[in-house]
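First the structure, in the form of structure tokens, and then the observations on it.
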Amino acid sequence: MMRMHVPLPKAQPWMLPVTIVCLALGMLVAFMLKVSAPKKLDTTNMTRDQLIALYAKEMSDHEQLLAEYEKLREKYDRMVDSATTDQKLRAELQKVIDDLRVRAGSTAVTGPGIVVIIDDTKLALQNPPDINVNPLLTHDVDLLQVVNELRAAGAEAISINDQRVAGSSAIRCVGPAINVNNKAVSAPFVVRAIGKPDVLYGAINMPFGILDQLRQMNTQVEVSKREKLTIPAVAVLPSIEVGTPELTAPAPPKGGE
Amino acid sequence: MWLPILALIVGFCAIYLPNKITLSAEYSQYVGVAVVAGFDSIIGAIRSVIEGKFNDRIFVSGFFINALVAALLLYLGGALKIQYVALAITAAFVIRIFNNLGFIRRYVVARLFEKRLISGEKTFPEP
């Protein structure tokens, strides 16, 4: 035994039990530090008030994160601004970015255009028992054809029931409704398109065109030109995960190979 | 003297270092009161050694039974929906710890600085 600065009685018999107890105590202390992460939130036993409080908390967290996102995006914009000092180049780049944002659907767009309202056949709404109403309903394919026709006529932005139809948008049949951008929309379908109103109007009413076909099925169709329309942005743009933009110009092909 | 401290470190490392050993959160307070009970036993043992009244059986049984009963009381308090049982148990042990610590401190101070025995410590065996 080492001689201590503080002289203790040479009581050897206490050494072994104290050592054993210290071993146990060390293990206990270590156990305290090894407490695993708290259990996953168990909502099944929670009361209504607790759930409401939890929901409110999560919502406020969500708001905070949104505000943070907004702030960061502003900061990002400022940084892009300050990085591009050449005013003329900046203006050109901004124009390119704005055009691309309109194309991509990441910004709301305002301008003249047309509104097409398509509703199911009145007969289909009555749901007669002895008639197959399926051909009388408006389908995803009909909307796709309308969108296609509007794009061909130079529409710059299109929305269906306030869902922006962008390059990433899918228009799909989901039972009684139609999904646009994975949001269900249902009849009456209000298709807004920004472009030259006369051109769009003429194109969409083309003889034997899609609206003509729909009218022949007694679908209720209504087209009107508008001086000013506002089309919202895509709520959530999908992120680019596997593709890599090829920003540099492709190398010229080598001859003689 | 160094053997208990070494044992403390060895025991700590034996549980702390392996990654597989974890304790679920609901048992943490039981371990907590057991740790406090353990410290109380150790401090009590130091005092009794100083007093020359150390008895290994009393010490070992005190450590294990105090820790066990503390955990049991805590469980009982939880079952009876009594609040702050852990706090009460901890307070009881901490009071004891400070009592014994005060005694030890007085002894050490007397040994270190005053070189004389203060009253009530006449029973100490000479080192």
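Read-outs throughout are calculated quantities, based only on the coordinates presented, and are distinct from any laboratory measurement. What you are looking at is a predicted structure, and each value in this text was computed from that prediction instead of being measured. Every residue, glycine as well, gets a Cβ built from its backbone with ideal geometry; the counts of neighbours run over all protein chains shown.
Counting each pair of different Cα atoms once, what's the Kirkwood radius of the range B:1-105 in Å, rounded to one decimal? Mind dumping the intermediate values first?
On the way: mean 1/r = 0.0660 Å⁻¹.
So the Kirkwood estimate lands at 15.2 Å.
Sum -39500 (n - 2.57) across every DSSP H segment of at least 4 residues in the protein assembly as shown, then divide by the residue count to get the 222 nm mean residue ellipticity, nearest 500.
-17000 deg cm²/dmol
For a quick check, take a GNM of chain B with Cα springs below 10 Å and name the residue from B:LEU101, B:LEU87, B:LEU73 with the largest mean-square fluctuation.
Its mean-square fluctuation being the largest, the pick is B:LEU87.
May I ask you to sort A:ILE117, B:ILE95 by Cβ crowding, counting other Cβ atoms within 10 Å and putting the fewest first?
B:ILE95, A:ILE117
What is the helix-to-structure angle for B:56-79, meaning the angle in degrees between its Cα long axis and the longest Cα principal axis of chain B, kept from 0 to 90 and rounded to the nearest 10?
The two axes meet at around 30 degrees.
Between B:ASN55 and B:LEU101, what's the calculated FRET efficiency when r is the beta-carbon distance and R0 is 22 Å? Round to 0.05.
Efficiency, rounded to the nearest 0.05: 0.60.
Starting from a Cα-only point model with no solvent, please compute log10 I(q)/I(0) by Debye for the range A:49-100 at q = 0.13, 0.24 1/Å.
For the range A:49-100, the Cα-only Debye profile gives -0.52, -0.89.
In nm, to one decimal, how far is the A:ILE240 label point from the A:THR47 one, both placed 7 Å along Cα→Cβ?
For A:ILE240 paired with A:THR47, the spin-label model returns 5.3 nm.
Measure nothing fancy, just the Cα-based angle from helix A:48-83's long axis to the longest principal axis of chain A, in degrees from 0 to 90, nearest 10.
With both axes taken from Cα atoms, the answer is about 70 degrees.
Please list, ordered by chain and number, the residues whose modelled amide H lies under 5 Å from the amide H of A:ARG164; skip anything fewer than 5 residues away on the same chain.
A:ALA235
Using DSSP to define loop residues, name the chymotrypsin sites (Phe, Trp or Tyr not before Pro) in the range A:147-231 whose beta-carbon has at most 16 other beta-carbon atoms within 10 Å.
A:PHE208
If the chain between A:GLU70 and A:SER82 were fully stretched, how many nm would it gain, using 0.36 nm times the residue separation less the Cα-Cα distance?
Additional length available on full extension: 2.5 nm.
Expressed as a fraction of 2.2 N^0.38 Å, the rule-of-thumb size for a compact globular protein of N residues, what is the C-alpha radius of gyration of chain A?
1.83
For B:VAL108 and B:TYR75, what does the FRET efficiency come to when R0 = 56 Å and r is the distance between their Cβ atoms, rounded to the nearest 0.05?
Values: r = 38 Å, r/R0 = 0.67.
Efficiency computed from Cβ-Cβ geometry: 0.90.
Would you list, by chain and number, the aspartates and glutamates whose Cα falls below 19 Å from the Cα of A:LYS95, excluding same-chain residues fewer than 8 positions away?
Output for A:LYS95: A:GLU74, A:ASP77, A:ASP81, A:ASP86, A:GLU156.
How many Cβ atoms of partner chains, on average, are near each residue of A:107-119 if near means within 10 Å of its Cβ?
Per residue, the average neighbour count from other chains is 0.
Against the longest principal axis of chain B, how steep is helix B:2-16, in degrees 0 to 90 to the nearest 10, with axes from Cα atoms?
10
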